[in-house]
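Below is one structure; the comments refer to it alone.
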Amino acid sequence: MQLSREQMLQAYRRMKIIREFEERLHIDIATGAIAGFTHLYCGQEAVAVGVCEHLDTDDKIVSTHRGHGHCLAKGCDVDGMMKEIWGSREGLCKGKGGSMHIADVDVGMLGANGIVGAGAPIAVGAALAAKLDGKGKVAITFSGDGACNQGTTFEAMNMAVVTKAPCIFVFENNHYSEHTGFEYAVGTQQDIASRAEAFGMRVWRADGTDFFAVHETMRELLEYVRAGNGPAAVEFDTERFFGHFEGDPQRYRGEGELDRIRETRDCLKKFRASVVSAKVLTDADLDTIDAEVLDQIEAAVVAARAAPRPTSEDVLADVYVAY
Amino acid sequence: MAKMMYRDAVRSTIFEAMERDERVVVLGEDVVGGMGTAGGPEAIGGIWSTSTGFYDAFGPDRVIDTPISESAIVGAAGGLALAGKKPIAELMFADFIGVSLDQIWNQIAKFRYMFGGKSTCPAIIRMAYGGGFNAAAQHSQSVHHFLTAMPGLKVVMPSTPEDVRGLLREALRGDDPVIFLEHKALYGVTGEVPDGDWTIPFGHARLTRAGQDLTLVATGLMVSRCEAAADALAKDGIGCDVIDLRTTSPMDEEAILDSVEVTGRLVVVDEAPQRCSLATDISALVAQKAFASLKAPIEMVTAPHSPVPFALELEQAYLPSAAKIEAAARKVLGYR
């Protein structure tokens, strides 16, 4: 499918927002300005955006501990997210969740998740709700090559197949589950998609660093799932530009590996090369977006720094609706 | 007013809710039963007969028969709730909660808080708990104590058919996740259930016996054992308050404290082992807030610190009985 110029500009902007959001967090975490555990999505932007560009707010996604990209791609507010990660009471979750628990049900984002593999069953439930509503909506769970080893993921895949839930299992294989290599931890030593296939799902595979490949794959896949064929899975081969968590010394990386993947596997560089060589967008178009996004992120940080902090009175708020 | 069994109160209350509100969805293992067999579907209707007839009435999208996948059952209930439905998930035995604990403890209990109050998760997780069936260590346990310790959950323990109806309706009307604990030994118990559209608010205990001399506090099956002990003591002219907490989260602290302020003597009865239990929790509450009223040390009648044993004699020795409660009461009454 040919994307319009506007669609391409929007997709690039969204990927760039994720990239700069994460690059900036990397800096502000290193200086100690931001507290807590943070897992950066940087490098995998083409997957989140290539998937979510097909969705509207009634389609649901469930994310992971590495969830900023999914949240931003699904439409969570940039300022609200930055404030949340800075721990402000004006954050998207009032400073209660932080990096690992960003959610906004109003945009169909049912939560990042601090527990690897916990999202898949939740997505099956959201998909069952969509099936009951009968409007062709779907629920998507993002899982990494770590979560693909969790029993919850297996349970969820089987239950989705059994119940014909419109649930999509998006596996982002970034080759590392925490600090352990895919080749070691995934016992089949093959791919992840073949596991999903063994559960009885139709599966797709694509290069997760190529936005256009992700987008086209998801177009096909979503058409299949929205038509009522039950669940499906896709594996995107992608790269994680930072460590498992911020502060991870990444001693498990090969010599020159990070430079190499930044050089050859950067989805933003690949996008730019592709659209500029095809003469559908110009370097100037993209440079303009780059500059605007940098300003937007800077403004978000300025706002987050100045935003009010929660107080001890806020601790007990929102444990229950009524108690 | 109708007489009905505890299990029928569960079934009819859910059925009525499903008729009234199309967001209500039931899911669990064998809630339909017989799927994929010559005899099914509806060969079972729930292992406790609490969903008989649901499948025929509401179909597979609202009566979701699941594989044996407790994590996925509870997780799916969470996802359904976040997506605007009112799921009622059944874990066949409360003991299976271990398999699904992450989804209960880290997920549904915390969504609202972690998400800054923007979401609700009105998922009801029903489960059959408790001993007395020689079902041994993995099919007999009481789990209310550690669920009560989890912020974000409400924990309900109905002891009568009437309470089943009122408390389940209340759970369905609310927007918080609820653990609904049904004692296996109560499913066959019959009681009066009033007609009409009424509920029982959470955190309101029921005084099932009134007296001036001693306070007995219990939940679930233990309530009737306290009543039996109280009736035996009444023959000696000893009057007991028997407090059925009905919900352990929220808990009606006031009912306990008000009673102890009058009686000055307390026996707490708990089917779970004593360490870090509801019994110790209530004892701490009374020691802290009604210390001056106490005329004797608090007694706790609980299970011992062991897994639930299999053999008849062992399980009888394990479970709190009316005789053990009566003995504890006499000890408290005989102090000084």
message: Using the basic label-point model (7 angstrom from Cα toward the beta carbon), what is the B:A2 to A:E223 distance in nanometres?
response: 5.2
- request: Compute the separation of the alpha-carbon centres of segment A:43-71 and segment B:132-193 and state it in Å as a whole number.
  value: 38
field: Average beta-carbon neighbours from other chains, 10 Å sphere, peptide A:146-155
entry: 3
- request: Compute the label zone of A:Q2 within segment A:261-298: residues whose backbone N is under 12 Å from the point 7 Å along Cα-to-Cβ.
  value: A:280
field: Sequence-distant lysines (8 or more away, or on other chains) whose Cα lies within less than 25 Å of B:K235
entry: B:K295, B:K324, B:K331
Whichever aspartates and glutamates have a C-alpha closer than 12 Å to that of B:K86, once near sequence neighbours (fewer than 8 apart) are set aside: B:D21, B:E22, B:D175, B:D176
message: At 7 Å along Cα-to-Cβ for each site, give me the label-to-label distance between A:D77 and A:K135 in nm.
response: 2.3
FRET efficiency estimate (nearest 0.05) - Cβ-Cβ, A:E216 to A:Q189, R0 30 angstrom: 0.60
task: Kindly identify segment A:38-85 as rounded, prolate or oblate by the Cα gyration tensor criterion: order the square roots of the eigenvalues as a ≥ b ≥ c, call it rounded if a/c is under 1.5, otherwise compare a/b with b/c, prolate if a/b is larger, else oblate.
output: oblate
- prompt: If we sort A:52-65, B:279-292, B:101-114 on the protection proxy, mean other Cβ atoms within 10 Å, highest first, what's the order?
  reply: B:101-114, A:52-65, B:279-292
statement: The answer for chain A, counting only DSSP H helices whose Cα atoms cover 27 angstrom or more along the axis and whose Kyte-Doolittle average is -1.0 or greater, is A:5-30, A:283-306
task: Just tell me how shielded A:127-137 is by partners: mean number of partner chain Cβ atoms within 10 Å of each residue's Cβ, no decimals.
output: 5
field: Filtered trypsin sites (Lys or Arg not before Pro), segment A:141-238: DSSP coil and at most 15 other beta carbons within 10 Å
entry: none
statement: Taking Cα atoms only, helix B:221-234 is inclined relative to the longest principal axis of chain B by an angle, in degrees rounded to 10, of 30
statement: From the Cα centre of segment B:223-247 to that of segment B:200-214, the distance in Å is 11
DSSP-defined antiparallel bridges as percent of all bridges, segment A:5-308, nearest 5: 10
- prompt: According to the square roots a ≥ b ≥ c of the eigenvalues of the Cα gyration tensor, what is the shape class of chain A, taking rounded for a/c under 1.5, prolate for a/b larger than b/c otherwise, and oblate for the remainder?
  reply: rounded
Given charges at Cβ of Lys, Arg, Asp, Glu: the protein assembly as shown dipole, positive-most of B:S277, A:Y252, B:A290: B:A290
- line: With a 26 Å threshold on alpha-carbon distance, the violating pairs from A:K131/B:K118; B:K3/B:K154; A:K60/A:K269 are B:K3/B:K154; A:K60/A:K269
message: In Å and on Cα atoms, what radius of gyration and Dmax does segment B:206-333 show?
response: 13.7, 43
message: Calculate log10 I(q)/I(0) of segment B:1-141 for q = 0.14, 0.17, 0.19 Å⁻¹, where I(q) comes from the Debye formula with a single equal point scatterer on each Cα and nothing for solvent.
response: -0.67, -0.97, -1.16
Debye intensity ratio I(q)/I(0), log10, the protein assembly as shown, q values 0.08, 0.10, 0.11 Å⁻¹ (C-alpha model): -0.65, -0.93, -1.06
In degrees, nearest ten, helix B:278-289 long axis to first principal axis of chain B (Cα): 50
query: Can you work out D for segment A:179-296 in µm² s⁻¹ from Stokes-Einstein, where Rh is the Kirkwood radius over C-alpha pairs, the temperature is 25 °C and the viscosity is 0.890 mPa s?
result: 143
- line: Rounded to the nearest Å, the spacing of the alpha-carbon centers of segment A:234-263 and segment B:264-336 is 57
message: Can you give me the angle between helix B:161-173 and the longest principal axis of chain B, using Cα atoms only, in degrees from 0 to 90, rounded to the nearest 10?
response: 60
statement: For chain B, averaging the sequence separation of alpha carbon pairs under 8 Å that lie six or more residues apart and dividing by its residue count, the contact order in percent is 15
- request: For chain B, give the magnitude of the charge dipole about the Cα centre (Cβ charges: +1 Lys/Arg, -1 Asp/Glu; no others), in debye to the nearest 20.
  value: 680
- prompt: When DSSP assigns beta bridges and you keep just the ones with both residues in chain B, what percent turn out antiparallel, to the nearest 5?
  reply: 20
- prompt: In the protein assembly as shown, what percentage of the DSSP-assigned beta bridges are antiparallel, given to the nearest 5?
  reply: 15
message: With Kirkwood's inverse mean 1/r over C-alpha pairs for Rh, give me the Rg to Rh ratio of segment B:137-265, two decimals please.
response: 0.98
- request: Report the percentage of all Cα-Cα pairs in chain B whose separation exceeds 36 Å, rounded to a whole percent.
  value: 19
message: I'd like the FRET efficiency for A:A317 and B:S306, computed as 1/(1 + (r/R0)^6) with the beta carbon distance as r and R0 of 30 Å, rounded to 0.05.
response: 0.15
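Each reported figure results from applying straightforward, stated rules to the coordinates on display, with no laboratory input. What you see is a predicted model; the values in this text were computed from it and never measured. Glycine gets a Cβ as well: all are built from the backbone with ideal geometry, and neighbour counts include every protein chain shown.
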